[in-house]
Amino acid sequence: MRKNAIKECPDCGSKDIHRNRDKGEVTCRECGLVLEDRMIDFGQEWRSFDDDKGGDRRRTGAPSSQTSFDQGMGTEIGTTSDYYKLGGSNKDKFFRLRKWQYRISTAIERNLKVALAELKRVSSYLKLPKQVEEEAARIYRLAVQKGLVRGRSMESVVAGALYAACRRHEVPRTLDEMGEASGIEKKEIGRTYRFITRELEISIRPSNPSDYIPRFASALKLSPETQSKSVEILEQARDIELTSGRGPTGIAAAALYVASLIHGEKRTQREVADVAGVTEVTIRNRYKELIKRLNLAKDVEKMKNKK
């Protein structure tokens, strides 16, 4: 209730006040005095613009979205069946207008229609959150507006934009996963990703190897204790700068492999390599570095002796 709301009639002192919201009037039921004739309605404004949706009590349309070629702000002629009720000449007129509306769309709009549909498909395949999808659509839109798509396949730019969005939001997805979802070679995605981030001046922080641990551990069906140990190993490796200059997926997979040995949940290097999308050689090299630099050989041998 407003602070200045009328509580009693200044003429007769009656507190029987009637508020007629339809007329915007406040009157006294005792003496009939009109206390206010321009009452403001602070309630929600329900409005339906469609005759066949009279029961629809939504106040606004759909929210704006970068994943729509017109950002959800455009309109389309003939989206309802109302124009079928028109006469012959008027109906033909609306059909022509609808056809020309599609024809006069710009090259950028036509490109966005196809590319954003592909972006949604790849995002759905990778189960990416909505904010990553929105960010990827924004990056792709900027790339199109700056002409960065020329000379490159639309699919590779979409994959590069999605990978950049994943890196910005710290959502762990590898180039191998991006390549599998989009059908583009990971080298091409990597080149396109580096190109658009450089041209659009998008700052990307280095990936944190710890972000990959939950997904890899879940795929390998390892216990929470093993996950915690692998994160601890990665923190120790980061403190001595062992993670610098090394691929985050490789060092994460190696830390998980070492932790599985320490906790007696042995997985083969092949199994870990397949889940992480790296080679067995990478696992072996990172494993040897971790064992040597962090003095973990005793812990591994202790578990072997227990068996």
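Computed from the coordinates by the stated procedures, all read-outs in this text should not be read as laboratory data. Everything numeric in this text was worked out from a predicted model, so none of it was measured. Note that each Cβ is placed from the backbone with ideal geometry, even for glycine, and that neighbours are counted across all protein chains shown.
Approximating the spin labels as points 7 Å out from Cα along Cα→Cβ, the V281-to-M39 distance works out to 8.2 nm. Computed over the alpha-carbon atoms, the stretch 128-282 gives an Rg to Rh ratio of 1.02, Rh here being the Kirkwood radius from the mean inverse distance. The label-point distance for R152 and R110, in a model that sets each label 7 Å from Cα toward Cβ, rounds to 2.2 nm. Considering the stretch 108-199, its Cα convex hull presents a mean projected area of 5.0 nm². Here the stretch 169-229 and the stretch 268-290 have alpha carbon centers that stand 16 Å from each other. Ratio of alpha-carbon Rg to the 2.2 N^0.38 Å globular estimate for the stretch 166-232, to two decimals, please. Cα Rg divided by the expected 2.2 N^0.38 Å: 1.34. Across the stretch 273-284, rounded Karplus estimates of 3J(HN,Hα) from the backbone phi angles (6.51 cos²θ - 1.76 cosθ + 1.60, θ = phi - 60°) give 5, 5, 5, 7, x, 10, 8, 5, 4, 4, 4, 4 Hz, Gly and Pro being marked x. Each Lys or Arg adds one and each Asp or Glu takes one away; over the other residues whose Cβ falls under 14 Å from the Cβ of R246, this sums to +3.
Net charge dipole, the stretch 126-209: roughly 260 debye, given to the nearest 20, about the Cα centre with Cβ charges of +1 for Lys and Arg and -1 for Asp and Glu.
For the stretch 209-306, a/c is less than 1.5, where a ≥ b ≥ c are the root eigenvalues of the C-alpha gyration tensor. That puts it in the rounded class.
Amide H contacts of L35: V26, T27, C28, each under 5 Å away and 5 or more positions distant or on a separate chain (H built 1.01 Å from N in the peptide plane; Pro and chain starts excluded). State, as an integer percentage, the relative contact order of the stretch 209-306 based on alpha-carbon contacts under 8 Å between residues 6 or more apart. About 29 percent, as a whole number.
Restriction of the chymotrypsin sites (Phe, Trp or Tyr not before Pro) in the stretch 131-199 to DSSP coil positions whose beta-carbon has at most 16 other beta-carbons within 10 angstrom yields no sites.
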